[in-house]
Structures are given as structure tokens and as C-alpha cells.
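The values are calculated or read from the model by the stated rules, or taken from the named source; none is laboratory data. Since the structure is predicted, the reported quantities are computational estimates derived from the model, not experimental observations. Reconstructed Cβ throughout: ideal geometry from the backbone, glycine too, with neighbour counts over all protein chains shown. Note: areas computed on protein heavy atoms with side chains; ligands, DNA, RNA excluded. Shrake-Rupley method; radii C 1.70, N 1.55, O 1.52, S 1.80 Å.
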Amino acid sequence: MRILGIDPGLRVTGFGIVDKIGSQLVYVGSGCVTTTGNELPSRLKTILEGLNEIILQYRPEQVAVEQVFVNVNPKSTLLLGQARGAAICAAVHNQLFVSEYTALQIKQAVVGNGHARKEQVQEMVMRLLQLAARPRPDAADALACAICHAHMHVNFFPAARYRMKRGRQL
């Protein structure tokens, strides 16, 4: 099972791809989709197009996206939610199953502590996937999201055997 993890962000959206083979996780790739400018529509377009290219290149079977946390600044939360929406649209457009996880769930699954620091997440991602170096923070968060999905869905199923509607299993 190939899983695409996404850490949505308006300026930088991290992505990470892992394969789950039996009980093993294998690193496939990771990186970031970086937006420029101040125009919201062009940023959302960059995120959508960038993730579409990644999906076409890596052909994941399922997608895991980090949920938006409620921020002190409601405007920031709303903007982040729109970036997250663009990421989910890319997955749904490509008829992929989408799962959503909170930051707490992701950190708990990867580090064992729901309140772990970013550096701890990076270190555990590096160890779990046997990487030579720490991935960038946004890519590490996306890989952690994919790892969380792999741990949460022990019994994977081919999405084609189930009815899908708007990227969700029925």
C-alpha cells in the first residue's frame, strides 16, 4: 500500500510518500510544494497543481492529511483550512481515499507523545524510515502523517472494493 501524507500550509505544503509492505514501512519520497506571492487564489492553485503532479508521479493508493487545529488567530486558521481544502481536492480529484488526523494523533503514533516537539518528530521519522538525515520539518510532518495512517489502518483494503464518494469510503 502506498500512502501519501500531506502537511498543508499556505506557504509550504509538505508531502511524504511511504510504502507499507507487511509490517514494514519503506520511504519512497518527500518534499515540499512552495507557493510564492500574496494572492490567495494563485497560492491555492500552486498547491493543487503541485500535489496533482506528485500524485501522478508516485501513484499513491491512499492519502492522509493533517487536520487544521484551531489557532489563536482565526484568520490564520481559515487560511490554513483553505490550503488543506486544496490538498484534499487534489486527492479527491484523483479518486483517492482520504483520511484525516489531528496533530496530536500523528505525534502520538510516531513519537508516542502527543505533545512532542518538531525536532522529536523529525528524529523519529528519520529512525522509523531509516533515513540518512533528518527531513525538512514540513516534509517530516507529512511523512509522520503517512506513518500515522499506516499504524492506524493495520488491515489495509483496496479502495476499489468499496464504494467511494467525494474521497470517502461508504
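Listing for the model above:
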quantity: Inter-residue pairs, beta-carbon under 9 Å, first in contact (Cβ under 8 Å) with a residue 60 or more places away in the chain and under 26 Å from N52 (Cα atoms) and in the range 96-118, second assigned to a strand (DSSP E or B) and open to solvent by 50 Å² or more (accessible area, probe 1.4 Å), 6+ apart; calculated: L96/M164; F97/M164; F97/R168; F97/Q169; V98/R168
quantity: Identity of the residue in the range 15-45, of a type in the set (A, V, I, L, M, F, W, C) and without any contact (Cβ under 8 Å) to a residue 40 or more places away in the chain, that ends up nearest to Q82 (Cα to Cα); calculated: V33
quantity: Of all residues in the range 105-138 being buried (at least 23 other Cβ atoms within 10 Å of the Cβ) and within 19 Å of R2 (Cβ to Cβ), the one that is nearest to the chain's Cα centre (by Cα); calculated: I106
quantity: Residue in the range 41-53 that is open to solvent by less than 60 Å² (accessible area, probe 1.4 Å) and at pLDDT below 90 present; calculated: no
quantity: Any helices (runs of 4 or more DSSP H) falling wholly within the range 29-118 and containing at least 3 residues that are under 15 Å from T13 (Cβ atoms) and out of contact with any Asp or Glu (no Cβ under 9 Å at 6 or more places or on another chain); calculated: 40-58, 74-93
quantity: Any hit, the range 150-161, residues being modelled with pLDDT of 90 or more and closer than 25 Å to F69 by Cβ; calculated: yes
quantity: Every residue from the range 122-154 that is within 21 Å of F97 (Cα to Cα) and among the hydrophobic types (A, V, I, L, M, F, W, C); calculated: A139, A142, L143, A144, C145, A146, I147, C148, A150, M152, V154
quantity: Subset of the range 47-70 [polar (S, T, N, Q) and in contact with a helix residue (DSSP H, G or I) (Cβ under 9 Å, 6 or more places away or on another chain)]; calculated: N52, Q62, Q67
quantity: Residues (open to solvent by less than 60 Å² (accessible area, probe 1.4 Å) and touching a residue at least 60 places away in the same chain (Cβ under 8 Å)) located in the range 71-95; calculated: L79, L80, A83, R84, A86, A87, I88, A91, V92
quantity: Residue match in the range 57-70 (condition: farther than 21 Å from V121 by Cβ, more than 15 Å from the chain's Cα centre (by Cα) and open to solvent by 30 Å² or more (accessible area, probe 1.4 Å)); calculated: yes
